[in-house]
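Let me begin by presenting the structure, written as C-alpha cells, before commenting on it.
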Amino acid sequence: MSSTKEYRLLCLENPLLDIQAFGNEALLEKYGLKANDAILAESKHQDLHEELLNNYDAKLIAGGAAQNTARGAQYLLPENSVVYLGGVGDDKYAAILRDACKQAGLRVEYRVDPKVPTGRCGVVITGHNRSMCTELGAANHYDLEHLKRPDIWALVENAEVFYVGGYHFTVCPAAVMELATEAASKNKPFVLSLAAPFIPQFFKDPLDASAPYWDYVIGNETEAAAYSESHGLGLTDVKEIAKALANLPKKNTQRKRVAVVTQGTGPTIVAVQGEDEIKEYPVHKIPEEEINDTNGAGDAFAGGFCAGVVSGRSLAESVDMGQWLARLSIKELGPSYPFPKQAY
Ligand code: 26A
C-alpha cells in the first residue's frame, strides 16, 4: 500500500450530535435508562434532550459512533486519509458536525435530508458509565442511492479499508452489504464493530448476513456476551466468545478473521481464525483524576486500531494504537481528541 494515496479508509454509519451532561440516578430512573447502555429513543424519552440542556448544563459535542472512529483514525493517519458517509439534516446541528469533522481533517460526504432534523444522542454520564439515548432523525434516511451515486461510489472503489459501525444495521443493512461484498471481491479488509448489545440482540439477521464478510470484528465485553446469548453459543468467557467470532464461516479466505474484544480497564482480547492461542493486551492505565468520561472510548479504540490496519502495522501495534487513542479520548469531554495533536 502506498502511503501517499488519499482516503484509504472509508467509514459508514450514523452522524449524531451528542447532548451530553453529567447526570444522576434520579435522572436515569425518570427516563427508565440503565447506567451503561445505548438505546433508540421511544416516546417516553421525548423530553430527555430538552431536560439535559435546560437542567443539566448539557454540552453539544460531535458524536455518532463510527464518525468518532473516523475522526480518531484521521488523528493518527496522514492528512486526507479518511472519508465518512452518513445522513444528516440541513440544520444547525449538521453545521456543528461538519465543523468538528473539518477541524479533525475528516472528509464527510453526508446524504442531506432537508425535511428531517440531524440525529441527536442524549448522553447521561454517571461516574464512569454513560447511558445513550438516540433519536436517529436524518441518519435513519441514509440509503443505497447515496452510496451508489457515482462520485460516492468512486470513493468506495478508491478506498483500501472499510469500517462500518454496527449501529447502521438499524438504518440501511443493504448499504452495509454493498461495502462488505465490495471488500471481499477486491480482497480489501472489512472491519465491523458490534456497536451495542441491542445490535446482536435485535438486529441479529442483518448482522449475521454480514458476518461472512468480517475481516475484523470489534466489540466490548457486554456486546460479546450479547452476541453469545442471542446466538445460543452458551459461552460466557470473553476469550471463548472471541474465538467463536473469529472462527465463524468466512467468504474471503485470503484473510484470516480477527476478533478484538475490549474490556474497559481489563485487557484487550484478540483471537485469530484457526489459531489456538488467544492474546491479551493490558490497557494503558489512566490516573483516576485524569478521567473525564468514557463516552466514545470504544470508538476511539476502533479508530486507533483501524489506523494501524490502514498503515499496515502488526496486530499488536494496531491494538496498542487503539488503546493509546482510547486513553486520550477518556481524558477529554465526550468522544473527542486533544488538539494540538499528540504524537503516537
Ligand atoms: C442507532 N444508534 C443507537 C446509534 C448510536 C450512536 N451512534 C450511531 N447510532 N447511539 C449512540 N451512538 C454514539 O455512540 C457514541 C459513543 O460510543 C453516540 O453519538 C456517541 O458519540
What pairs come up if the first residue lies in the range 134-156 and is within 16 Å of the ligand (Cβ to nearest atom), the second is assigned to a helix (DSSP H, G or I), and their beta carbons are under 7 Å apart, counting only those six or more places apart or on different chains?
142/175
Note on residue 295: of the conditions (1) loosely packed, with under 15 Cβ neighbours inside 10 Å; (2) within 16 Å of the ligand (Cβ to nearest atom), unmet is (1)
Can you confirm whether residue 241 is open to solvent by less than 40 Å² (accessible area, probe 1.4 Å) and either out of contact with any His (no Cβ under 9 Å at 6 or more places or on another chain) or more than 27 Å from residue 187 (Cβ to Cβ) (or both)?
yes
If you go through the range 105-119 one residue at a time, do you hit one that is within 12 Å of the ligand (Cβ to nearest atom), at negative phi and at pLDDT 95 or above?
yes
Could you please find all residues in the range 182-206 being part of a loop (DSSP other than H, G, I, E, B) and open to solvent by 10 Å² or more (accessible area, probe 1.4 Å)?
186, 187, 188, 195, 197, 203
Being away from the ligand (no atom under 11 Å from the Cβ) and in a strand (DSSP E or B) is the filter; apply it to the range 123-133 and report the residue that is surrounded by the most Cβ atoms within 10 Å (Cβ to Cβ).
124
I need the full set of residues from the range 284-303 which are touching a residue at least 40 places away in the same chain (Cβ under 8 Å), outside any loop (DSSP other than H, G, I, E, B) and aliphatic (A, V, I, L, M), in order please.
300, 302
Matching option when the condition is surrounded by fewer than 20 Cβ atoms within 10 Å (Cβ to Cβ) and touching a Ser or Thr at 6+ places or on another chain (Cβ under 9 Å), among 36, 68, 54, 80:
36
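The values are calculated or read from the model by the stated rules, or taken from the named source; none is laboratory data. Computed from a predicted model, the values in this text were never measured in an experiment. Every residue, glycine among them, receives a Cβ derived from its backbone with ideal geometry; neighbour counts consider all protein chains shown. Only protein heavy atoms, including side chains, enter the accessible area calculation; ligands, DNA and RNA are left aside. Shrake-Rupley method; radii C 1.70, N 1.55, O 1.52, S 1.80 Å.
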